[in-house]
Ligand SMILES: *Cc1c(COP(=O)(O)O)cnc(C)c1O
């Protein structure tokens, strides 16, 4: 009933996946579909990526993996951080691959596998902290944990991996090289004891685009699948197509006289007589309250128009300019193209002082996602 929606083009995700897979060479591609598929919808995003050649899926939470299974998706799913011990039963029940980086994690995974009486060992990935300092075991601890995993009959060491902290900053390539080297050193030490994980992995989207040495056996792509560069500095390296457009329709139009203000606080006043349109989308949908103050624009009638005044919970205001022919029901674009103009998630992000990831993940559940 409310005319506000996000259009998602599944064929863009499929074609992006194909391009990324080609860049990855012999490495497999894991499609990261955490956080509701970066705001697009996890299950259809997973299907679209698998259709484009992804062979793995990655999620942040066990619950997200369960959702994929409920949707009938059977591809291998890696939970990217260590599940709580009490969640390992659910990991096994949904045939997910846990990440582990503590003794307790290894114990819990082994116990859950034993309790379920699995026919084959539970496949786990050990995460090494090589410098991001978020989660993961130190290289020394990871070496011991990986040996412990390999020694347990209930477990199989399927992966050894790390996560890159500055792969999107080409000028800091040294740090990325040192992270990949540290991972490789753990793998080499393990190999010397006869332990060989099936898959060594490090690259995120930025690693794939900018650091060929990080590709190893598998690359984990998120943002690029959805058609956006991980950072403006890495834009244009591949011909990605952004998958999501955010649209709404004008709900109300009014003339405003010079000097009249709009919205809470009346923080913006019309400099000249003008026409202001009301759009039925607000911060409860994911548009920051400050989007007008920081220069945000929306497309109306194929033209860029500034958001004015404070964005409210459910509505925002747009200055369409003097004598604008805008009318109720006109389509407006907050992310995407209209005519010759385009507002990208990166443009929005840079105005607000964030990154495209946060813009996409910030689109709330009440915005319907229309897939085509
Ligand atoms: C989110 C995430 C990714 C994907 O990162 P992108 O920059 O979106 O490609 C890869 N690996 C891990 C561990 C992650 O948490």
TODO: Starting with the fewest neighbours, write out 156, 125, 133 ranked by other beta-carbon atoms found within 10 Å of each beta-carbon.
DONE: 133, 156, 125
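Compute the FRET efficiency between residue 178 and residue 60 as 1/(1 + (r/R0)^6), taking r as their Cβ-Cβ distance and R0 = 30 Å, and round to the nearest 0.05.
On the way: r = 26 Å, r/R0 = 0.86.
The value I calculate is 0.70.
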TODO: Between residue 111 and residue 303, with labels modelled 7 Å along Cα→Cβ, what's the label distance in nm to one decimal, could you check?
DONE: 6.7
Task: Where labels lie 7 Å past Cα in the beta-carbon direction, separation of residue 189 and residue 313 in nm - done: 5.4
Open item on the list: Looking only at the chain, where both bridge partners belong to it, what percent of the DSSP beta bridges are antiparallel (to the nearest 5)?
Closed with: 55
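Please compute the length gained on full extension between residue 350 and residue 337, using 0.36 nm multiplied by the number of residues separating them and subtracting their Cα-Cα distance.
Working: separation 13, 0.36 × 13 = 4.68 nm, distance 1.78 nm.
Result for the pair: 2.9 nm of gain on full extension.
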TODO: Measure nothing but the geometry: give the 0 to 90° angle between the long axis through the Cα atoms of 103-116 and the longest principal axis through the Cα atoms of the chain, rounded to 10°.
DONE: 80
TODO: Report, to the nearest 10°, how far helix 173-192 tilts away from the longest principal axis of the Cα atoms in the chain, using its own Cα long axis and a range of 0 to 90°.
DONE: 30
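For a quick check: sort 56, 348 by the number of other beta carbons within 10 angstrom, fewest at the front. Walk me through the numbers before you get to the answer.
Working: 56 22, 348 25.
With the sparsest Cβ surroundings first, the list reads 56, 348.
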Open item on the list: I'd like the orientation of helix 139-151 relative to the chain: the angle between its Cα long axis and the longest Cα principal axis, in ° from 0 to 90, rounded to 10.
Closed with: 60
Task: Length released on extending from residue 290 to residue 364, taking residue separation times 0.36 nm less the Cα-Cα span - done: 25.0 nm
Task: Ascending count of other beta-carbon atoms within 10 Å, so fewest first, for 294, 361, 332 - done: 294, 361, 332
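Relative to the present Cα-Cα distance, how much length would full extension add between residue 90 and residue 151 at 0.36 nm per residue of separation?
Working: separation 61, 0.36 × 61 = 21.96 nm, distance 2.32 nm.
Extending this stretch completely gives an extra 19.6 nm.
Read the figures in this text as sums done on the coordinates, not as results from a lab. Every value quoted in this text rests on a predicted model; they were computed, and no experiment measured them. Cβ: placed from backbone, ideal geometry, glycine included. Neighbour counts: every protein chain shown.
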